[in-house]
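Worksheet for the structure shown next.
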Amino acid sequence: MPRVSQEQAKLNRQRVVEVAATLFRERGLHGVGVADIMGAAGLTHGGFYGQFANKEALAAEAFDTALVNNRRGPSDSLVSNYLSLAHVRAPGVGCPIAALATDVAREAPDSPVRSRFTHGVRGLAALVAEAVPRTAKRKRERTLSSLATLVGAVVLARAVDDEALAEEILSAARASLGSGAPETQTAMSLSNDG
């Protein structure tokens, strides 16, 4: 079997990370296996351990990739984009915090995925602080409350089997955060990379 060039190996690795980022958000950390990820990336299962120490290492890297990819777009539309049915319907391309919060909560305290998740929450909180107008007094408390409203509304809207109720949840969250109607988009975008 011919060896893969370093450049091709790098491209393969990036493809695996991107596919994993999507599949983990769609199916959860434990709802998809290494063979599923490699197959979806168009690669054989055997090449996985040449690229990653284990599935947890891949999950941590995939989480970082998902965060970066979802921090693109205008910050002034963060709330309306986040609290939209388009975001609810597309967890594979949406916020990994909303998609994976319940899975990550079950990971070991010293898990690399949990560490990345914590970093992601801090980053999203910083974006919310910029996007949601606040007075200087109690800014941190109000930012975290807004963040909890954003993530909680999307998690609940994804879990119910009634689209009208899902939209009502999202609408109530938008109203509580002082945002208007959702923007029509096919994928969720948060803010500029950073």
Checklist outcome for this item: The number of residues in segment 57-90 that are of a type outside the set (Gly, Ala, Ser), within 25 Å of residue 12 (Cα to Cα) and open to solvent by 30 Å² or more (accessible area, probe 1.4 Å) is 5
Next on the checklist: Quick check on my filter: what residues within segment 37-56 are in a helix (DSSP H, G or I) and open to solvent by less than 40 Å² (accessible area, probe 1.4 Å)?
Outcome noted: 37, 38, 47, 48
Checklist entry - If we scan segment 112-122, do we find a residue that is farther than 30 Å from residue 172 by Cβ, open to solvent by 10 Å² or more (accessible area, probe 1.4 Å) and in a loop (DSSP other than H, G, I, E, B)? => result no
Next on the checklist: Given the condition buried (at least 18 other Cβ atoms within 10 Å of the Cβ), at negative phi and either in contact with a helix residue (DSSP H, G or I) (Cβ under 7 Å, 6 or more places away or on another chain) or assigned to a loop (DSSP other than H, G, I, E, B) (or both), answer yes or no: does some residue in segment 27-36 qualify?
Outcome noted: yes
Checklist entry - Just wondering, is there one or more residues in segment 40-62 that are within 19 Å of the chain's Cα centre (by Cα) and among the β-branched types (Val, Ile, Thr)? => result no
Checklist entry - Got a number for residues in segment 1-26 being assigned to a loop (DSSP other than H, G, I, E, B) and among the β-branched types (Val, Ile, Thr)? => result 1
Next on the checklist: Every residue in segment 137-168 that is modelled with pLDDT of 90 or more, under 21 Å from residue 127 (Cβ atoms) and of a type in the set (Val, Ile, Thr), please.
Outcome noted: 149, 151, 154, 155
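Could you tell me which residue of segment 146-179 is most open to solvent (accessible area, probe 1.4 Å), considering only residues that are not aliphatic (A, V, I, L, M) and not in a helix (DSSP H, G or I)?
161
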Checklist entry - Restricting to segment 14-26, what's the tally of residues that are of a type outside the set (Gly, Ala, Ser) and open to solvent by less than 70 Å² (accessible area, probe 1.4 Å)? => result 7
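The values are calculated or read from the model by the stated rules, or taken from the named source; none is laboratory data. If you're wondering where the values come from, they're calculated on a predicted model, not measured in any experiment. In this analysis, Cβ positions are derived from the backbone assuming ideal geometry, glycine residues included, and neighbour counts consider all displayed protein chains. For the accessible areas, the whole protein counts, side chains as well, though only heavy atoms, and no ligand, DNA or RNA atoms are used. Shrake-Rupley method; radii C 1.70, N 1.55, O 1.52, S 1.80 Å.
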